[in-house]
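Derivation of every value follows stated rules applied to the coordinates shown; laboratory data play no part. Keep in mind that what you see is a predicted model, and the values were worked out from it rather than measured. Heads up, the Cβs are rebuilt from the backbone with ideal geometry, glycines too, and the neighbour counts pull from every protein chain shown.
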Amino acid sequence: MISWQARIVKLCCRIFVKRRMKKRVADPMAAILELRRTLVRFEPYSRRITRGLSVRDVRSPVPGEWLLPSGEPHEGAILYVHGGAFIAFSPLSHRRLTTALVRASGVPAFVIAYRLAPEHPFPAALDDVLAVFDSIVASGVPPSGIVLAGDSAGGGLVLSAGLALVRRAPGGPLPGGIIAYSPWTDLLATGDSIRTNARSDDMLAGEHTAESARNYAPTDEMKRDPLASPVYGDPTGFPPTLIFASESEILRDDAVRFAARARAAGAPVELVHEPAMPHVWPIFFDVMPEAKRTIAQSAAFIRARLHDARVSLRARSLRA
């Protein structure tokens with residue numbers, strides 16, 4: 001049984017998000033630009049969502065913002081990658097989710113403002129994520145002290161980043177863990193839930209998946225690349241990963257299939273299914289008890305992974 005708050009959120013998503021997404025547009029680029037302009041109008045409100053935290057803007061190597069918890073600084077970092085079909089949204093649009101994650105875990109987060117499609121197609125966004133990961137490591141945080149997290153397209157990006165890092169240094173240092181909320185892992189849209197959950201998904205319209213994917217990866221060859229669609233990658237050696245998906249969303253099978261592939265390769269992956277939740281429900285942290293529970297689970301995972309990293313580094317230094 002889902003909460004009454006979740007029922008209200010689901011209804012609002014259907015009225016204000018899905019209904020708009022189902023409309024056909026004559027000029028897709030004009031629609032993207034209008035969406036971005038609409039989001040900018042909400043930025044003054046988003047800037048006020050900082051209770052108990054300080055914010056530091058960053059311009060290089062990739063723009064973004066550090067969300068820093070008050071009190072004694074915590075070892076480690078979260079690298080958060082927002083969703084938005086690769087075409088929209090920003091660190092500000094996701095402040096509800098990211099600030100909740102920082103407060104619950106006590107760990108600083110860098111929220112990246114990666115380059116958006118279609119002006120910057122694959123692999124621009126992934127290159128930006130990897131550049132920020134490397135810059136955090138260069139600042140003195142060990143790779144195992146970083147947890148990657150993201151939602152929707154951003155959830156796919158953090159899984160792609162995990163594959164890229166494994167490929168870059170087989171057996172070498174990897175992130176301490178990865179969290180993906182409702183990840184988009186298959187830009188070819190071959191999962192059954194794209195069709196079977198088209199009516200039950202409260203937010204996304206399955207018929208627009210192909211168009212959205214084309215903005216980021218214009219060709220099928222690009223879409224099939226594991227660094228664009230991580231479900232086609234080899235997750236052997238993948239770091240510990242926590243994936244959340246709703247049973248009713250069109251991207252359910254994107255999460256299920258990636259988790260199954262990772263487990264078959266021996267990777268430590270936990271998949272959490274929630275019934276009848278809207279896409280990326282943790283973003284409704286301030287109103288939904290289910291979102292609060294998911295944030296608490298995520299924070300516990302982050303703390304556990306960073307604790308294990310500290311223990312491992314300490315043991316390695318004693319052996320040296």
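List of remarks:
- Phi-derived couplings, Karplus 6.51 cos²θ - 1.76 cosθ + 1.60 at θ = phi - 60°, listed residue by residue for segment 61-68: x, 9, x, x, 9, 8, 9, 10 Hz, with x used for Gly and Pro.
- Listed by chain and number, the aspartates and glutamates placed with their C-alpha closer than 15 angstrom to that of Lys223 are Asp186, Glu211, Asp254; residues fewer than eight positions away on the same chain are left out.
- Cα gyration tensor shape of segment 213-289, rounded if a/c is under 1.5, else prolate or oblate by comparing a/b with b/c: oblate
- Around the amide H of Ala276, modelled in the peptide plane, lie the amide H atoms of Glu247, Ser248, all under 5 Å away and 5 or more residues distant in sequence or on another chain.
- Across the chain, the mean sequence separation of Cα contacts (distance under 8 Å, 6 or more residues apart), normalised by length, yields a relative contact order of 19 percent.
- About its Cα centre, the dipole of the chain is roughly 720 debye, where the only charges are +1 on Lys and Arg Cβ and -1 on Asp and Glu Cβ.
- Environment charge of Gly177, counting only residues whose C-beta is closer than 14 Å and scoring Lys/Arg +1, Asp/Glu -1: +1
- Where only DSSP H runs of four or more residues are counted, the chain gives -12500 deg cm²/dmol as its mean residue ellipticity at 222 nm, each run worth -39500 (n - 2.57).
- ³J(HN,Hα) computed for each position of segment 212-224 - Karplus, 6.51 cos²θ - 1.76 cosθ + 1.60, integer Hz, glycine/proline x: 5, 5, 5, 4, 8, 10, x, 10, 5, 4, 5, 4, 7
- Sparsely packed trypsin sites (Lys or Arg not before Pro) within segment 192-224, loop by DSSP, other Cβ within 10 Å at most 10: Arg199
- Working from Cα pairs under 8 Å separated by at least six residues, relative contact order for segment 202-320 is 21 percent.
- Here is the result for segment 1-57: no chymotrypsin sites (Phe, Trp or Tyr not before Pro) lie in DSSP coil with at most 10 other C-beta atoms within 10 angstrom of their C-beta.
- Going from the residue with the fewest nearby Cβ atoms within 10 Å to the one with the most, Glu34, Glu249 rank Glu34, Glu249.
- Under 14 Å from the Cα of Lys292 - aspartates and glutamates, other chains or at least 8 residues apart: Glu274
- When the chain is treated as a GNM with alpha-carbon contacts under 10 Å, the residue of Asp254, Asp192, Asp151 showing the greatest mean-square fluctuation is Asp192.
- Backbone HN-Hα couplings from phi across segment 102-108 [Karplus 6.51/-1.76/1.60, Hz, Gly and Pro as x]: 5, 4, 6, 8, x, 10, x
- C-alpha long axis of helix 153-168 to longest principal axis of the chain, angle in °: 40
- Amide H within-cut-off set for Asp151, under 5 Å, with H built and near neighbours excluded: Val81, Gly83, Tyr181
- Beta bridges from DSSP with both residues in the chain: antiparallel share about 30 percent, rounded to the nearest 5.
- For segment 190-320: rounded, prolate or oblate by the Cα gyration tensor [a/c cutoff 1.5]: oblate
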